[in-house]
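The values are calculated or read from the model by the stated rules, or taken from the named source; none is laboratory data. A quick note: this is a predicted structure, and the numbers were derived from the prediction, not measured. Here the Cβ is made from the backbone with ideal geometry for all residues, glycine too, and neighbour counts use every protein chain on show.
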Amino acid sequence: MKPRLLPKLAVWKFASCDGCQLSLLNCEDELLAVTSAVEIAYFPEASSNRGAGPFDISLVEGSITTPDERDRIQAVRRRSKVLVAIGACACSGGIQALRNFGSDVELARSVYPNPELLSILETSTPISDHVTVDLELRGCPVSKVQLIEALQALLDGRKPTFENCSVCEECKRGGTTCLLVSKRMPCLGPVTVAGCGALCPAFGRGCYGCFGPKESPNMDAMTSSLRNVGLSDADIVRMFRGINANTPAMANAAKDVR
């Protein structure tokens, strides 16, 4: 009898900090179950294996910022049956996308002694701007719970189950008092999708939107609430132009602040 062939898993890095890959490694006990169900064919952060593919599942971290990355992600897509974008960088362009609102030339001159040697794209963009993405897992970093659920669902041949409510609902379930109301603290919880477990508000810090906007966020009301707690328009723009600045909801809200 031939041995059962396990699905091949690959993990790829583009422009990012590696935090989402570390989230997978930090799954610890759960990771043992995952590794028994798949063959880790390519994961430079964790293994010396360098499989050529094709791959059943590819997890992709990071945004696309250079012509080389654009070519590489297209090659990854061709070798992957299922491609999953993990984390804010892969799903929205991440913190790197802040350069989309400024001048690449000026930024490069302020950092590099020979900026003419750089080869970069005009913008930092999510994976979905360049190839078809089958599933997106948001967050900075991605949620371990969502990552394991996604992998298990893909292996089971079902659709993963994620919440689509706001961080505010997670605060309510966790018994966390609303910082925006009780302490007049800036917080993007009302317009940010759940998934982090309302971690920051639980420790007395306002949500800064690392999981990105929820479905149909009321950005006008959010702007008014931030003004009511004392933020200037410039401060509000900075809040919207954070980790998920490149998402349409955040980008348009920042542009509409007057």
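Residues of segment 184-204 that are within 22 Å of residue 251 (Cα to Cα), part of a helix (DSSP H, G or I) and among the hydrophobic types (A, V, I, L, M, F, W, C): 191 alone.
Looking at (1) in contact (Cβ under 8 Å) with a residue 40 or more places away in the chain; (2) within 20 Å of residue 255 (Cα to Cα); (3) in a loop (DSSP other than H, G, I, E, B), find the lone condition where residue 207 falls short. Status for residue 207: all satisfied but (2).
Listed here are the residues, each with its yes/no results for (1) touching a residue at least 60 places away in the same chain (Cβ under 8 Å); (2) within 18 Å of residue 85 (Cα to Cα); (3) among the small types (Gly, Ala, Ser).
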site: 5; (1), (2), (3): no, no, no
site: 8; (1), (2), (3): no, yes, no
site: 11; (1), (2), (3): no, yes, no
site: 15; (1), (2), (3): yes, yes, yes
site: 20; (1), (2), (3): yes, yes, no
site: 24; (1), (2), (3): yes, yes, no
site: 28; (1), (2), (3): no, no, no
site: 35; (1), (2), (3): no, no, no
site: 40; (1), (2), (3): no, yes, no
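Just so you know, in segment 154-201 the residues that are crowded, with 23+ Cβ neighbours inside 10 Å and polar (S, T, N, Q) include one that is farthest from residue 140 (Cα to Cα), and it is 166.
Restricted to segment 142-173, and to residues that are touching a helix residue (DSSP H, G or I) at 6+ places or on another chain (Cβ under 7 Å) and aliphatic (A, V, I, L, M), which residue is farthest from residue 36 (Cα to Cα)? So the residue we want is 167.
So that you can scan it fast, the table gives a plain yes or no per residue for (1) exposed (fewer than 15 other Cβ atoms within 10 Å of the Cβ); (2) of a type in the set (Lys, Arg); (3) on the phi > 0 side of the Ramachandran plot:
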| position | (1), (2), (3) |
| --- | --- |
| 5 | yes, no, no |
| 8 | no, yes, no |
| 18 | yes, no, yes |
| 24 | no, no, no |
| 59 | no, no, no |
| 69 | no, no, no |
| 76 | no, no, no |
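Could you tell me whether residue 192 is at pLDDT 95 or above, among the hydroxyl-bearing types (Ser, Thr, Tyr) and under 30 Å from residue 67 (Cβ atoms)? No. Within segment 44-54, one or more residues are over 14 Å from the mean Cα position of the chain (by Cα), closer than 25 Å to residue 196 by Cα and among the acidic types (Asp, Glu).
For segment 7-37, give me each residue that is part of a loop (DSSP other than H, G, I, E, B), more than 19 Å from the chain's Cα centre (by Cα) and at pLDDT 90 or above. Hit for segment 7-37 is 7, nothing else.
For segment 109-122, the candidate set comprises residues that are assigned to a loop (DSSP other than H, G, I, E, B) and under 21 Å from residue 241 (Cβ atoms); within that set, the residue that is modelled with the highest pLDDT is 121.
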